[in-house]
Structure formats: structure tokens, C-alpha cells
1. For region B:16-35, give me each residue that is among the hydrophobic types (A, V, I, L, M, F, W, C) and within 10 Å of chain A (Cβ to nearest Cβ).
2. Please go through region B:98-145 and pick out each residue that is in contact (Cβ under 8 Å) with a residue 60 or more places away in the chain and of a type in the set (S, T, N, Q).
3. Within the group B:106, B:100, which residue is among the small types (Gly, Ala, Ser), out of contact with any Phe, Trp or Tyr (no Cβ under 7 Å at 6 or more places or on another chain) and either modelled with pLDDT of 90 or more or assigned by TED's automatic domain parsing to the domain that holds residue B:50 (or both)?
4. Which residues, taken from region A:306-325, are of a type outside the set (S, T, N, Q) and not in a loop (DSSP other than H, G, I, E, B)?
5. Taking only pairs six or more apart or across chains, which ones have beta-carbon atoms under 6 Å, a first residue in region A:349-362 that is within 11 Å of residue A:301 (Cα to Cα), and a second residue that is among the acidic types (Asp, Glu) and part of a helix (DSSP H, G or I)?
6. I'd like to check which strands (runs of 3 or more DSSP E) are fully inside region B:61-168 and have at least 1 residues that are within 27 Å of residue B:31 (Cβ to Cβ).
7. If the requirement is being touching a His at 6+ places or on another chain (Cβ under 9 Å) and closer than 18 Å to residue B:62 by Cβ, which of these qualifies: B:141, B:146?
8. Considering every residue within region B:95-103, establish whether at least one is among the hydroxyl-bearing types (Ser, Thr, Tyr), surrounded by 16 or more Cβ atoms within 10 Å (Cβ to Cβ) and under 16 Å from residue B:139 (Cα atoms).
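The values are calculated or read from the model by the stated rules, or taken from the named source; none is laboratory data. Since this is a predicted model, take the numbers as computed values, not measurements. For neighbour counting, all protein chains shown are included, and Cβ atoms are generated from backbone atoms with ideal geometry for every residue, glycine included.
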Amino acid sequence: MTELIVNNSRKRFISTALVVVILPVLYFCILWVFVGSTPLRWDAGWYRNIAENGYRFNGDIWTQNSVAFLPGASMFLWLIRIVFQLNYEHAQILSSIITYAIGSVCFLIYLEGKMRVEAAGMTIIFLTFSPFGIYLFNGYSESLFYCIVGAFIVFLEKRKFIICSLLVGFGIITRPHGIILLPILWAWWAYPLISRGSRALNICRSLLSSMFHGLPLMLLALMIPMALTVYYYVFFGDSLIYANALTAWHGSKSSLPFFFERLFDWGSAPISKTHLIKRMDNYLNYSVEPVKLACTLFLINCITLIIFSKKLIKNNLSILFSFQLGIIFFSILTGSFPNFGRHTIFLFPMAIVAALLLNDLYSWCIAGNFSNKINSAGGIAVFVLIVSVFLLSFSLFVQYGLMQLNGIWVS
Amino acid sequence: MKPVFSLLIILIWVFFVAETGKKPIEYFEEKSTVLMPNEIVDWMNKDRKLYMAGFSRAEPNFRWSKDEEQHICFKPVENIHQKNNVKISMSILMPNISIGKDFYVGEKGKLEQRACSSVACSVEFDVPVSGSDGRILCAYINAPSILKVNGDYRNLGYKLISFKYSIE
């Protein structure tokens, strides 16, 4: 009997995993074939260039340079090309698909124990078919980072700290967001070692002591970034060349007032010349400016995270919760959220909460709570709201996907 | 591995990065050529003789100031005397809403008040050579960005047209 239940649950997991991996990839391929142009534009070209030719720098920090890109995605691309004997373009598409698939399965493994596996699958579908989800398939470093975060969360829950620290190191050289994983790793390592006592002083002392003993783990996590800074110094004479090139490239810094201004200024149709965004009216009858949508998504996700923080922690989603908090702090500190919509794909409390609510709704239906009319109306309202938000999100995924495949930069 | 040893390695690395990481102005110093007195550099700054912070990218006829504070640095002639002042001249277009409003120019920490009485405006001010090593000189401008142009999400200040300096 027990074996039957285990087999059944394994089958459900495998079928859900197949759906969450195949469906978005297939959909992206349909979009791609439909448009008939290469999906590997802009930054994807830089990552490919680094994999093909290594870093090139002419000493002029103000011209666009490959040193403004971290090497993680290019290293992975190079590896995929060697293993599968493909050309760089094909290897780049394959690396996006592989990293997306591994990342999704990792998230599924992590979420499976916290909710029904179908609801866990819905989280990934909500995340993937979000407006900026296209960046998980177009050869950018986002897909590899998604994979690294998924694996990190799974291994951290299993308390495999050595593997986690290596993932953090590789995460930092893949996307700057990787730095968020460092304090999460440290906190999860130190937390169980803190002795519980009545005196605050003892707790603080214990906390500091356990954090101090976690330093070797931090060193291990920083080994790869350390090696990268030494490499930068040896070859370019500047250990911070990445930060310098990135700042010179993007130029402006963003501020919180600037964020709110973008958020609320919906009426003036601000089409940015510098961001190469053109009017989208050609594609669908309605349009949403990506820059503004990024601010809106950021705000809604922050509010969702705050409102449902208790529910997320209660459902043993603390690691994911802390990652989401980290992303918010990172976005605010660097000012990246108003500039780059694609950064919002790592901020997904809406997706998790929607799946959790659907999970609760399912359990509530199974329990036969339809007898109460008010409860039924509430349940239906929640369901309709989630479906509406998903459909809106999905339509923007299609719209932005078509735009990007047509050569319009969406971020 | 001992925590103390790990801490030591991390601290050495932090020190290494702090010591070996360049500042953007150092790249400018390495790559830029000398700006001669009375040589006019337009908003395009094609030869990158100016290091500009707080400005937008070049547009067809001008460059917007877009931050509260802007500064423009350049490599002056080598024989510039430590006692000299350099006179900065900037040609700008001030939007109507900012005409008559105060803004501040000069050396860092010692800004002087100015105001434009018309759209086309020439701003002149002194920057002392003493206090710097004379290799790079910087002019500071503090003019708020308050203009909203329809179809543009940025806060804009004034339009920079050209820049030059002369030795007094």
C-alpha cells in the first residue's frame, strides 16, 4: 500500500516536472518559429562573444565592453559547446533550456513538500509565463542564475553547505544578484548553532560566535569571485573592472523618488529613446510600458511578500522568503528595479502566493465547504482573481516576447 | 580551516580589491588627451576630452543635465601654474521654468550662486588650480533637475552646448 502511494506520488512529480519544463520551452519555440528571427540578441551576443573570444578590453571604459559582463554564463556556454559539439548559437539556446529545466525541477523539488505537487508546478508556470519570463530562454545569464538559485535552495534545505558555498561562488560570477545568497548561506549555517537563552547578551554572543565559525564557509563561497578579481587585475590592471565598466555603460543611478515617479506617471506615455523602446500598439490593442510595469511588479510583489510573510514562513518557505527579501534589498540598494524589468523575474512572491492559495482552495473544495454560500463566493472570487492575473501576465509574456523577437529591447 | 585564517584571507582580499580597483576618473586620466586653453568642446565630447558626470547621453543638439549635481573634469595643459585660476565658460540653454532661478557653480565645497536671465546663457566661473595636483581639474555645478518633457520619464535640468576654459 505504502509502495503504491510512493509510486503514485513519484508519477505525479514526474508528470508535473515534464509539464513545467516542456510547456514553456515549447511555447517559447513556437513564438520563436512564428517570428522567424534569432532569439539571441543584445546581451546574449556579448555572452557568446566572451565564450568565443574571451574578454577583450581596449582601455576605454566608456565604450561598450565585454568586461561589463560577468563570466559565469559564458563559461557554462563554453562547457555546453564542448560537451555537445555544437556551434555557439545552438549551444547558447541549449544552455538556456538546460538551465531552465534544471532550475525548474529544483524549485519543484523544494516546493513539493510544502504544497501539492500540482500547485508547486503552478508556481513555476506563473513565474515562467510572467511578462519578463522571456529572459529565461534568450541566452541571457538569467536562466543560469535561476538554475543556481534553485539548486542552492534545494541543497541549503538539505544542509549541504559545501555544495551551497560553491553554488554561491558561481552565482556571484554569473549575476551580481548572487551576492544575496552569501548572507542567506551564512545565516542558515549559523542559526541552528545559536544557543537559546533568556538573556539577550548571551544570544548575541552565541550568534557572533556561530557566525565567526561560519567564516571558512564564507571563504569557500568567495574563492571563485576572488579568483575572478585576481584575473581582472592580472589581465586588465583593475580588479574592479566589471563594476567600472558596468557603471560607465549604464551611467545613471536610480533613486526611490524616481521609482515612485515612474510608477505613478502612467498617463504621459513615456517612450524612452535611450532604452530603444518603440510603441507596442502594432502587436496588441493595449500596451504597458516595460519600465513602468517593472516598478508596478516590484511594488505588488513587495506588498504580497509583506502580507503573506507569515503564511510563507508557516509553509516552511523561509529560504525562499529570505531570498525574496534579499532581492528587494538588492534592487533598492543598486537602483536596478526601475531600470531593468527583467530583474523582476527573480522577485516572485505573487507566483508562490497564488499557488499556495490555489492549493488551499483545492483542499477546501475536497473538504466539501461549498455548503456555505459566502465561503463559496469568496473561494470563487480568489480563483477568478488568480486566473485573471495569470491571463494578464501571460498576455504580456506573449507581447514582450514578440517584441523582443522583433528586435525591440524590452527591459 | 580555522575561522581566523579564513577571516585573514578575506581581509587580505578586501584590501587587495580596495588597492587594485581603479576609479572611473583614473581611466579618464589614462585615456584622455590634454584640453588646450580656449579649446571649445561641444556637447558631443567626441574626443572624450571631458569627463562628465550627472549628464545624459548626447542628443542631436545638446546634452541634458539630469542629476542634482553635475561635474565636468578635464586634463589641463601641463605647465599650468599652481597659483593660477582657470576660468570656466559654459554655454547652456536654460528651460523657461528655470530662468531667473539660482544654481551654483565652482569648485567642490565652495560653490558660487548664478542665475540665467534668458534661455541662451553663458556661465563663467573660476576654479583654482591649487588644491588639486593640477593633472585633472573639475568644475562642479549644482542645478536641480525639475523639467518634465512629455514623452520622457527623466527629470531634466539644462541643456549643455559647449565647454571651455582659459588661464587667468
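1. Those that are among the hydrophobic types (A, V, I, L, M, F, W, C) and within 10 Å of chain A (Cβ to nearest Cβ): B:16, B:17, B:18, B:28.
2. B:98, B:142, B:145
3. Testing whether each residue is among the small types (Gly, Ala, Ser), out of contact with any Phe, Trp or Tyr (no Cβ under 7 Å at 6 or more places or on another chain) and either modelled with pLDDT of 90 or more or assigned by TED's automatic domain parsing to the domain that holds residue B:50 (or both) leaves just B:100.
4. If the condition is that a residue be of a type outside the set (S, T, N, Q) and not in a loop (DSSP other than H, G, I, E, B), then A:306, A:307, A:310, A:311, A:312, A:313, A:314, A:319, A:320, A:321, A:323, A:325 are the ones that fit.
5. none
6. B:69-74, B:85-93, B:102-107, B:120-128, B:137-142, B:159-167
7. B:141
8. Checking region B:95-103: not a single residue is among the hydroxyl-bearing types (Ser, Thr, Tyr), surrounded by 16 or more Cβ atoms within 10 Å (Cβ to Cβ) and under 16 Å from residue B:139 (Cα atoms).
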